[in-house]
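The values are calculated or read from the model by the stated rules, or taken from the named source; none is laboratory data. Because the structure is a prediction, the values reported are computed rather than measured. No Cβ is skipped: glycine too gets one built from the backbone with ideal geometry, and neighbour counts run over all protein chains shown.
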Amino acid sequence: MSAGALSAASRPAIGVGFRLQWEPVQNAHVLLYPEGMIKLNASAGEILKRCNGEATIGEITADLERAFSTTGIAGDVMSFISMAAEKKWLQIPA
Amino acid sequence: MAANTSVIASASRPGPPLWLLLELTYRCPLHCVFCYNPLDFARQGPELATSDWIRVLREARALGAVPLTRDDLESIVAEAHRLGFYVNLITSGVGLTEERIRALKEAGLDHIQLSFQDSSRKMNDFLSSTRTFDLKSKVAALIKKYGYPMVLNVVLHRLNIDHVEEILGMADRLGADYVELANTQFYGWAWQNREQLMPSRQQVERAEAATRRFREREGRPMRIFFVVPDYFERRPKACMNGLGSIFLTVTPDGTALPCHAARMLPGLTFPNVREASIESIWVDSAGFNEFRGDAWMKEPCRSCPEKTRDFGGCRCQAYLLTGDAANADPVCDRSAHHHLVEAVVTRADAPRNPVEKPLIFRSPRNSTMLYP
């Protein structure tokens, strides 16, 4: 399972065939893929736009905590990324 | 009065078209018997120029159109990509050389949906009335080679639905990421060939079981979409999510439609992109507004609590089967016309008379014969 291999050192990237972009008309990030589109809520969009294949999950979490002046979100970030990896929205290079 | 009118207009302004289908050409070399193309495609007007398509893309994007489009020219793909569309090429594979696949990748094409008609050369070539099976297999390999997500589409019907297991095996061997097993929707050429293409209930059940078995098998993840044949359902599909809600088609001659089959609906005129902007077409044109909301509905839809979920089903199907596009889609068992659908299914279940009607292939010649 790809989710089992996740750790704070993993560097998630947007999955092959998916594209993340900001849609002003919908005022939301959307994830585009063959045959469909997912309109993301604000937190999902904030997490995914940081998944560039270079930042680790630890760095993404720290960046989000800084940007939104909050703490203790590591568990939420990890479970979202794990769900997104299972759905192939994200890929986790070994 | 004027202020009042404009308030109403802005309150009911439709959301953006989320799915833009550009039918660049009807000059498909295949002759598939289940094609949704209009029967009179041979007498449609001249095709739009590249500059027209690019203007359509720009205007649609300005309106907020997002993800999927259909293209077969590198320059149109490049412009669509630059504008932020998720660009999908729906193709028979004919003419898609390695050189073009590479050029399209560079232009920003996101994915290619390749059609197969069956799992064997013999049936593929019979059903499309062309020798294209080997060519399609080569194109499939090239799609993988250039790193596109591989989406295979196979339209199912009476003559190939028993091969679902073999079709899925073929898709797996070709390395497909997505497979669409799309049961025939009965419009256009498929409507013309409906009796011969309608599967029996047993066939549908066996195909669903084969799909389930394949999904449960361990191995490479391949996503399978099984589009159920709606004649076997008791509630209609939410066709196009309601006409004029998210879907915009532009046909080869520039006619704008809220669904690729909608040209058949009587009494409606649809604007042409040569004469009107996408914004005025989408927001203001009568053709796109006719079936928005629920003011057009009759009973049983009007008072039905499910009308917000299925929008009364498909307008074209209501028209084809009942003669009135504002009726409930007769797939719904609350429709007074549901017996028409049941009768078709019953006929499909009955043993076949050996003397059957010949299939009518989608060809310019047959189109001209049907609509001189």
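What to note about this one:
- Top-ranked residue in region A:15-26 [being surrounded by fewer than 14 Cβ atoms within 10 Å (Cβ to Cβ) and farther than 17 Å from residue B:17 by Cβ; ranked as farthest from the other protein chains (Cβ to nearest Cβ)]: A:22
- Number of the exception - residue B:178 against (1) over 24 Å from residue A:36 (Cβ atoms); (2) within 14 Å of chain A (Cβ to nearest Cβ): (1)
- Any chance residue B:138 is surrounded by fewer than 22 Cβ atoms within 10 Å (Cβ to Cβ) and either within 14 Å of chain A (Cβ to nearest Cβ) or in a strand (DSSP E or B) (or both): no
Condition check ((1) in contact with a helix residue (DSSP H, G or I) (Cβ under 7 Å, 6 or more places away or on another chain); (2) loosely packed, with under 14 Cβ neighbours inside 10 Å; (3) at pLDDT 90 or above; (4) closer than 28 Å to residue B:175 by Cα) across all residues:
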{"site": "B:202", "(1), (2), (3), (4)": "no, yes, yes, no"}
{"site": "B:213", "(1), (2), (3), (4)": "no, yes, yes, yes"}
{"site": "B:227", "(1), (2), (3), (4)": "no, no, no, yes"}
{"site": "B:234", "(1), (2), (3), (4)": "no, yes, yes, no"}
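Here's the yes/no breakdown for (1) out of contact with any helix residue (DSSP H, G or I) (no Cβ under 7 Å at 6 or more places or on another chain); (2) modelled with pLDDT of 95 or more:
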{"position": "B:274", "(1), (2)": "no, no"}
{"position": "B:285", "(1), (2)": "yes, yes"}
{"position": "B:303", "(1), (2)": "yes, yes"}
{"position": "B:306", "(1), (2)": "yes, yes"}
{"position": "B:314", "(1), (2)": "no, yes"}
{"position": "B:318", "(1), (2)": "yes, yes"}
{"position": "B:327", "(1), (2)": "no, yes"}
{"position": "B:335", "(1), (2)": "yes, yes"}
{"position": "B:353", "(1), (2)": "yes, no"}
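- Condition check for residue B:291: aromatic (Phe, Trp, Tyr), within 28 Å of residue B:33 (Cα to Cα) and part of a loop (DSSP other than H, G, I, E, B): no
- Taken over region B:90-114, the criterion of being within 14 Å of chain A (Cβ to nearest Cβ) and either without any contact (Cβ under 8 Å) to a residue 12 or more places away in the chain or surrounded by 21 or more Cβ atoms within 10 Å (Cβ to Cβ) (or both) is satisfied by B:109, B:110, B:111, B:112, B:113, B:114.
- Among the residues of region B:308-320, none qualifies, meaning not one is loosely packed, with under 14 Cβ neighbours inside 10 Å and in contact with a Gly (Cβ under 7 Å, 6 or more places away or on another chain).
- Residue in region B:21-31 that is within 14 Å of chain A (Cβ to nearest Cβ) and either surrounded by fewer than 21 Cβ atoms within 10 Å (Cβ to Cβ) or out of contact with any Asp or Glu (no Cβ under 7 Å at 6 or more places or on another chain) (or both) present: yes
- So residue B:77, is it touching an Asp or Glu at 6+ places or on another chain (Cβ under 6 Å), modelled with pLDDT of 85 or more and not aromatic (Phe, Trp, Tyr): yes
- Looking across region B:94-108, just one residue is at pLDDT 90 or above and either within 21 Å of the chain's Cα centre (by Cα) or β-branched (Val, Ile, Thr) (or both), and that is B:101.
- Helices (runs of 4 or more DSSP H) contained entirely in region A:12-94, each with at least 1 residues that are under 22 Å from residue B:108 (Cβ atoms): A:42-48
- For residue B:32, the requirement of being part of a loop (DSSP other than H, G, I, E, B), under 16 Å from the mean Cα position of the chain (by Cα) and modelled with pLDDT of 85 or more is met.
- For region B:165-209, the set of residues classified as of a type in the set (A, V, I, L, M, F, W, C), within 23 Å of residue B:331 (Cα to Cα) and out of contact with any His (no Cβ under 6 Å at 6 or more places or on another chain) consists of B:181, B:182, B:186, B:189, B:190, B:191, B:198, B:204, B:207, B:209, listed by residue number.
- Residue check, residue A:73 touching a Cys at 6+ places or on another chain (Cβ under 8 Å) and either away from every other protein chain (no Cβ under 14 Å) or closer than 30 Å to residue B:241 by Cβ (or both): no
- Residues that are within 14 Å of chain A (Cβ to nearest Cβ) and part of a loop (DSSP other than H, G, I, E, B), drawn from region B:219-244: B:220, B:221, B:222
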